[in-house]
Structures are given as structure tokens and as C-alpha cells.
1. Below 20 Å Cα-Cα, how many Lys pairs turn up in the protein assembly as shown? Only count pairs eight or more apart in sequence, or on different chains, if you could.
2. Measuring from a point 7 Å out along Cα→Cβ, what nm distances, shortest first, does residue A:118 have to its partners in the other copies?
3. Along the positive direction of the dipole of chain B (beta-carbon charges: Lys, Arg +1; Asp, Glu -1; about the Cα centre), which of B:39, B:60, B:88 reaches farthest?
4. Take every residue in peptide A:83-93, count the Cβ atoms of other chains within 10 Å of its Cβ, and give the average of those counts.
5. Using a label point 7 Å beyond Cα on the Cα-Cβ vector, give me the inter-copy distances for residue A:132 in nanometres, one decimal, shortest first.
6. Between the stretch B:96-142 and the stretch A:67-92, what's the alpha-carbon centroid distance in Å?
7. Ordered by packing density, taken as the mean number of other Cβ atoms within 10 Å over each peptide's residues, highest first, how do A:46-58, A:6-18, B:97-109 rank?
8. Note the distances from residue B:61 to each other copy's matching label point, with points 7 Å along the Cα-to-beta-carbon direction, in nm, sorted shortest first.
2 protein chains.
Amino acid sequence: MRPMTESEYVDFLRAGTRTAKLAVTLPSGRPTVTPVWFVWEDDGVLRFNTGIDTAKARSLAADPRVALVVDLEEPPYAFVRVEGEVRLVRDPPEVRRVATAIGGRYMGLDRAEEFGRRNGGDDELVVEVHPTKIVAITDVTG
Amino acid sequence: MRPMTESEYVDFLRAGTRTAKLAVTLPSGRPTVTPVWFVWEDDGVLRFNTGIDTAKARSLAADPRVALVVDLEEPPYAFVRVEGEVRLVRDPPEVRRVATAIGGRYMGLDRAEEFGRRNGGDDELVVEVHPTKIVAITDVTG
């Protein structure tokens, strides 16, 4: 078990089509967890899109505290957990920018624009996760 | 986007070395999420091990509500989310049985016994997750 350096965990978060598993506390106090497509950007902010009128957006507006984990599901097993607080952004050009970047990552660059249009509309948000704590471990079993 | 049948989601949960991402609500109300090695057993209960004296065990004793998600991080993208309540089991033979099954799944059958000994001690628990709701979706982008 070994902590990753910052450059290692940034590379880890950005590798391929890894998804983040987003945990939020619902108003009832019950936890929930959902895979999200995301980008980790050079300003050290993790961003993803969600619809304005979704249970996820309402939960995040009520309680901005989140945790996300990205992991490697085979030896040497590794994970990065990001704890932070969210800021919800409604600016349409920014929503479209992030949706296009996410489309390129997960659907392929040839479909980035299409995805940006589909998920970059006026009824979408950018969720910015501003990290307060990052735990990044590799060689979990070593 | 298409719901999986029960037999599809059981196969999905059991495939390879997929990990579950366990979300719990901490006593502060903050969510957290951690990858866990698990087995989905024929009685429809998801089981994993944890140490008796861990933050995870204390959180679960204080609030038994959990959610876990297992996902496929490439096309066609898919996920299974299990919401449920946990029961903490201290019975040593059962702890050892589950630790050995988990060792076989994630470390390989040749290391299952070793892992069972290491993670099947008196200071370990079995966490049983009794599902109250399962959401299983495949072809997420279709």
C-alpha cells in the first residue's frame, strides 16, 4: 500500500474512460452513489454535468458535501477518493464546454460535439467539485 | 438504456474482480465512498469484510443504511446499484468463510486460504447487505 503523488493521481483520474462514483447524502440522511462521467481539469477542479431538474441536483443544492471515488479493479488495485464541496454553475457556454469535453472522453472525439449539444442545453448544470481532501492509494494489497 | 433482468445483474455483480463502491453517511452527515471487495451470494445477500475497529464499522453500526454501485467503465456502460441495510456479523467461522471466498475472487484461488486467514481473524466482521432496492441499467448511452 503506497500513497500516490499528485501527478500520479491526476494521471489516474484522467486515464481512459474511468468513471467516478459520486456519493451524496439524500435529505432523508440515506446515502446514495452513482457513476458519473467527469473531467479533472488543470485548475484542480473535478467537473461533471447533471440536469437542473434531477434528484441529484436537488440533493447537491441542499447539501454541497460530496465524495467521489475512482478505482482500479484489478491488481495492483488502487483508488483515488476526492472529498469536497460542490458549486452548481448554470452558465450555458460553460455547460456546453464541459459537456463537450466529457463527450470526447467517454464517447470518443468524433462524438464530442454531438454529446456537447445533447448534454449542454439550458436545462443542464456543471457541477464543480472543489476538493477539500484527496486520498490516493496504489498497490492496495502490497 | 435498458434495465437488466435479475440473472443479468447477478452475473454482472459476479463478473471478474469488479469492486463495489460503498457509500455511507458519516455521523457528521457527510457522505463517503470506498471500494470494497465483495461476494454476491445465492441467498441474495451481498457480503464483505471489515475490521471491527474501523471508521467504516462504527459508521455502519450507527446507521445501517448503505448504497453500493458496481459499474462497467466502457461502452456499452452499465451499472448496478444496491440500496439496503446492513447487519454486522461477528461469528468467526462465517468471517473466515467470507474472507476466503473474497480472497479467491480478488487474489486468485491459490491465495484464497492465505487471504482468509489474514482477513478472517477475531478482529474482523462480515457486513451483510440486505437489499431493499436494486437498480440495474445497461446500454446507458443507447
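We did not get these values from a lab; they are worked out from the coordinates using the rules stated. This is a predicted model, so every value here is computed, not measured. Positions of Cβ are backbone-derived with ideal geometry, glycine not excepted, and every protein chain shown enters the neighbour counts.
1. Qualifying lysine pairs in the protein assembly as shown: 11.
2. Those label-point separations list as 4.3 nm.
3. In chain B, that residue is B:60.
4. Values: counts 4, 0, 0, 0, 0, 0, 0, 0, 0, 0, 0.
Mean partner shielding for this stretch: 0.
5. 2.6
6. With the stretch B:96-142 and the stretch A:67-92 each reduced to a Cα centre, they are spaced 23 Å.
7. Working: A:46-58: 17.5, A:6-18: 14.5, B:97-109: 19.3.
In descending order of packing, they fall as B:97-109, A:46-58, A:6-18.
8. Inter-copy label distances (nm, one decimal, shortest first): 3.9.
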